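Read through the structure below, which is laid out as structure tokens, and then see the notes.
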Amino acid sequence: MMQELFQSVWVSLAQVAGPVADQAAASVVAAEEATGVLHFIQQSDVVGKTLFVILALMSVASWYLIIVKGVLSFRLKRRSQAFMRDFWSASSLEQVENEISTHGARDPFSHLASHAIHAQKHHVKYGAMRLEEKGSTDAFVSRIMRKVMDEETAKLENGLTLLASVGSTAPFVGLFGTVWGVYHALINIGLSDGVTLNKIAGPVGEALVMTGLGLAVAIPAVLAYNAFVRTNRVYLSQLDAFAHDLFTFLTTGQPVQDNQPVLRRVPTSGGGTASSSAAATKREH
């Protein structure tokens, strides 16, 4: 008798709790579907969708530049190192010019050397035929090398303006999207009948996602910009040092020597010794 009573009670409880549990599960699923980034974008207006598209385009453009410039920087570094080894191991400038003609000027170092050698030979052979070629051979070669270095600097800095712009503006674009989303969420909450914590936390939390997206777009752009600026500064300093050595070699025919001439003690007519810088310099040469 008691067993039948317990069974009937359990059956009644199961019949009562079944619809309640189903309704609770359905409400949880509906709440999950009604929140999130996609829901925020779907229910946002034209301004919110436009800001999201702008952030997406900024992210795609910055990552494209990061990948492309990273690969190009690595390839330029390897090619420059290979050219520098071949240049200083060559027996003459003619051999260097032949190597450049065969393989092409594929890096700033070979590009600079090719233009400098060609300018020096052209000015020696033909002289100043145009206004830009006026002056001595050294001045003409110096102008050509400076022009090539300016061109290579512009190539290396290409795209850095976009990275700097994305890194500085993306957080504010995301912040504007957050303010706009919170504003519309509060208006909708004010127009509704019952105000609960869920109705406030959900839309406001969705709007805050825009700030996170702005930071996610800006941080990689800023880090990549700083890395590329430092890499370019080191690379251009090496190119400037090579340009100085190349100019000295083209104008004097001798490589750059770091050792200074040493003064020697030369005997005087009275049997003593005296320091003569002119005689020492003459003997050293």
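The values are calculated or read from the model by the stated rules, or taken from the named source; none is laboratory data. None of these values were measured; they are calculated from a predicted model. Note that each Cβ is placed from the backbone with ideal geometry, even for glycine, and that neighbours are counted across all protein chains shown.
The table for this structure:
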read-out: Subset of the stretch 115-130 [at pLDDT 80 or above and crowded, with 17+ Cβ neighbours inside 10 Å]; value: His115, Ala116, Ile117, Ala119
read-out: Residue in the stretch 45-53 that is more than 30 Å from Thr211 (Cα to Cα), crowded, with 18+ Cβ neighbours inside 10 Å and either at pLDDT 90 or above or not polar (S, T, N, Q) (or both) present; value: no
read-out: Tally of residues being more than 18 Å from Phe109 (Cα to Cα) and in contact with a Lys or Arg (Cβ under 9 Å, 6 or more places away or on another chain) across the stretch 43-95; value: 0
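Yes/no matrix, rows are residues, columns are (1) surrounded by 15 or more Cβ atoms within 10 Å (Cβ to Cβ); (2) modelled with pLDDT under 90:
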site: Ala90; (1), (2): no, yes
site: Ile100; (1), (2): yes, yes
site: Asp107; (1), (2): yes, yes
site: Ala113; (1), (2): yes, yes
site: Lys134; (1), (2): no, yes
site: Phe140; (1), (2): yes, yes
site: Glu151; (1), (2): no, no
site: Val179; (1), (2): no, yes
